[in-house]
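Comments concern the structure below.
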Amino acid sequence: MEDLIYVEGGAPLHGEVEISGAKNVALKVIAAALLTDEEVVIQRMPKISDVNAMLQTISYLGAEVVWEDDHTVKINAQTITKTEIPVELVAQLRASVVFWGPLLARFGEATIPFPGGDKIGKRPIDRFIDSMACLGATVTCQGSICIGEAKTLHGGLVRFEKSTVTGTENIIMLATLAEGQTRIEGAANEPEIDDLINMLNQMGASITRVEDHVIEVNGVEALHGVQYTIMGDRIEAATFAIAAAVTGGEVTLKQIDAKHMTAFLAKAQSAGVNYKVVGDQIRFGKLQDKTYFDPVNVETSVYPGFMTDWHPPFAVLLTQADGVSVIHETIHSKRFGYVKELKKMGAEIEPFTIEDFDPANYGFDVSTEVPLQHHAIRIFGPTKLRSVGVTMEDLRAGATVVLAGLIAEGESTIAGVHHLDRGYESFVERLAALGAKIRRETNN
Ligand code: EPU
């Protein structure tokens with residue numbers, strides 16, 4: 001049977017926490033290792049199940065994977081024997097779609113099942129397929145199987161009408177080995193993409209972000225090996241920051257770049273969170289003179305805006321604000337799975353639909369979400385949270401209910417822990433080290 005988390009609310013968190021390497025870079029640099037037949041050594045690799053799934057996939061394709069120490073992994077893709085990924089591996093995580101670019105670039109063929117929808121929305125891959133066609137790669141899907149072919153790859157003009165993070169990363173990787181120049185307009189601006197670009201350039205690629213949302217790639221003959229340390233995880237950082245603030249404690253986050261978190265810091269500060277940046281550390285706590293936070297309105301958006309992945313944990317903080325706050329989600333079509341769990345714990349949250357919405361404002365295709373409903377919530381605070389049995393619905397919803405448990409009266413029991421393991425390394429142990437009354441048990 002699966003593990004359960006037990007958390008007793010009320011303990012303020014104090015101390016320091018080292019932020020892990022960013023999951024959303026880790027998954028992509030694993031795929032990037034396929035672009036060379038030399039050794040790629042990645043440092044600060046988080047030990048999470050999504051990383052394990054990507055490593056399992058690249059090993060299945062024939063690469064050699066060795067963990068050199070706790071957070072360093074060595075990948076050698078000299079001996080790739082397959083270009084086809086079985087459905088069981090793709091089903092584990094959507095990010096496996098990022099194997100398209102490297103497999104087609106290096107081997108000219110790939111077969112990858114359609115990743116399908118998941119709990120936070122349908123998440124189609126139309127932008128991947130269309131963009132790869134601009135470079136001469138064709139992908140045809142029959143049922144759930146997609147077959148890709150790229151006899152010759154040439155540079156081209158790619159225009160994303162709507163932003164896609166992984167789609168941008170995928171086309172960059174495809175273009176690294178194509179003949180000539182590729183220009184990507186409407187490229188996503190997230191710093192995780194720039195971290196991947198840094199690594200690829202250190203492998204011998206020629207990629208430049210020429211201006212916001214425009215990236216140029218000059219194809220090269222081959223890429224070589226590299227040793228690379230990935231950036232800190234700004235989603236994990238925000239999660240710990242909220243944990244410190246809502247418990248009325250004070251926690252210093254280490255190894256995180258505050259400039260990647262500007263929108264979070266601004267909203268947190270408006271709500272009454274106190275923070276101080278010193279070099280690559282940020283100390284978080286609640287403003288001393290406040291009993292409750294102040295209500296704020298948040299609209300998620302692409303970088304440098306307020307990340308969609310910060311939204312669910314931030315909702316917990318807003319349950320402790322004195323007044324009505326609004327969260328409007330514009331990136332994923334179904335991100336409110338955590339709401340019913342927070343309501344079970346006593347939060348007062350009401351979903352609503354934005355009047356006169358502009359379809360261009362949404363990351364997903366609004367026309368496939370008819371009727372467009374409940375893309376925003378009102379949170380009425382402050383409410384006392386109480387302990388009950390709750391279930392994690394997805395990764396970020398998982399962290400959200402743990403944060404709620406940290407401030408709920410009594411002991412909460414949380415199920416669905418495998419969702420949390422996808423993206424947070426040793427979350428329970430690290431919260432406990434900061435003073436949380438939390439434990440994880442395997443129930444037989
Ligand atoms: N979309 C399409 N068609 C496409 C591609 C995307 O309709 O071909 C839609 C998606 O369904 C979504 C929106 O466009 O509604 C944005 O999708 P994007 O491609 O930017 O997201 P992603 O690359 O799949 C990454 C992160 C997400 C994060 C988003 C937005 C990884 C592995 N995942 O997803 O992280 O929320 O960017 O910043 O990089 C998480 O870590 O919990 C997580 C979900």
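The values are calculated or read from the model by the stated rules, or taken from the named source; none is laboratory data. Everything quoted here is computed from the prediction, not taken from an experiment. All Cβ positions, even for glycine, are placed from backbone atoms using ideal geometry, and neighbour counts span all protein chains on display. Quick note on the areas: whole protein, heavy atoms, side chains included, nothing else; ligands and nucleic acids left out. Shrake-Rupley method; radii C 1.70, N 1.55, O 1.52, S 1.80 Å.
Using the Karplus relation 6.51 cos²θ - 1.76 cosθ + 1.60 with θ = phi - 60°, the per-residue 3J(HN,Hα) values for the stretch 87-96 come to 4, 4, 6, 5, 4, 5, 7, 5, 4, 5 Hz, with x marking Gly and Pro.
Residues whose amide H comes within less than 5 Å of that of G10, counting only those at least five positions distant or on another chain, are I407, A408 (H built at 1.01 Å from N in the peptide plane).
Dimensions of the stretch 305-439 along the principal axes, based on C-alpha atoms and rounded to the nearest Å, stand at 45, 32, 25, largest first. Computed from backbone phi, the HN-Hα couplings of the stretch 204-210 come to x, 6, 10, 10, 10, 7, 6 Hz, rounded to whole numbers (Karplus: 6.51 cos²θ - 1.76 cosθ + 1.60, θ = phi - 60°; Gly and Pro given as x). Cα extents for the chain along the principal axes, largest to smallest and rounded to whole angstrom: 63, 52, 45.
Percentage of Cα-Cα pair distances in the stretch 122-231 greater than 25 Å, rounded to whole percent?
19 percent
For G416, the amide hydrogen comes within under 5 Å of the amide hydrogens of M392, counting only partners 5 or more places away or on other chains and with H modelled in the peptide plane. Coupling constants for the stretch 332-345 follow from the phi torsions by the Karplus curve (6.51 cos²θ - 1.76 cosθ + 1.60, θ = phi - 60°), and in residue order they are 9, 7, 9, 10, 9, x, 6, 4, 5, 6, 5, 5, 4, 7 Hz; glycine and proline get x.
Based on alpha-carbon atoms, the Kirkwood radius and the radius of gyration of the stretch 1-102 give Rg/Rh equal to 1.08. Once Rg and the Kirkwood radius are both taken over the C-alpha atoms of the stretch 369-444, their ratio Rg/Rh works out to 1.03. Determine the alpha carbon to alpha carbon distance for each of K122/K343; K276/K437; K286/K384; K119/K259 and list only those over 19 Å. In this structure, K122/K343; K276/K437; K119/K259 lie more than 19 Å apart at Cα. Using the Cβ-Cβ distance between S270 and D130 with R0 = 45 Å, the FRET efficiency computed as 1/(1 + (r/R0)^6) comes to roughly 0.70.
The residues D365, D309, D70, sorted by heavy-atom accessible surface at 1.4 Å with ligands and nucleic acids left out, run D70, D365, D309 from largest to smallest. Solvent-accessible area per residue in the stretch 192-267 equals 34 Å², computed with a 1.4 angstrom probe and all protein chains kept.
Of all DSSP bridge pairs formed entirely within the chain, close to 75 percent run antiparallel.
Could you state how much accessible area K344 has, in square angstrom rounded to the nearest 10, with a 1.4 Å probe and all protein chains kept in place? K344 exposes around 90 Å² with every protein chain in place.
In this structure the amide hydrogen of R386, modeled in the peptide plane, comes within under 5 Å of the amide hydrogens of G346, E409, none closer than 5 places in sequence on its chain.
How far is helix 49-60 tilted off the main Cα axis of the chain, in degrees rounded to 10, range 0 to 90? Approximately 20 degrees, to the nearest ten.
If you plug the beta carbon distance of V66 and V278 into 1/(1 + (r/R0)^6) with R0 = 35 Å, you get a FRET efficiency near 0.45. When you filter the GluC sites (Glu not before Pro) in the stretch 137-177 for DSSP loop state and at most 13 other Cβ atoms inside 10 Å of their Cβ, you are left with E161. Most tightly packed first, judged by the mean number of other beta-carbon atoms within 10 Å of their residues, the peptides 220-227, 406-413 read 406-413, 220-227. Comparing S20, S131, S270 in a Gaussian network model of the chain where C-alpha atoms under 10 Å apart are linked, the largest mean-square fluctuation is found at S270.
Taking the C-alpha atoms only, the angle from helix 234-246 to the longest principal axis of the chain is near 0 degrees.
The Cα-based radius of gyration of the stretch 61-102, divided by its Kirkwood radius, gives an Rg/Rh of 1.01. Summed over qualifying helices (DSSP H, 4 residues or more, each -39500 (n - 2.57)) and divided by its residue number, the chain shows a 222 nm mean residue ellipticity of -8500 deg cm²/dmol. In terms of packing, defined here as the mean over residues of other Cβ atoms within 10 angstrom, the peptides 132-140, 433-441 line up highest first as 132-140, 433-441. Projecting the Cα atoms of H332, T391, T413 onto the dipole axis of the stretch 310-444, where Lys and Arg carry +1 and Asp and Glu carry -1 at the beta carbon, places T413 farthest toward the positive end.
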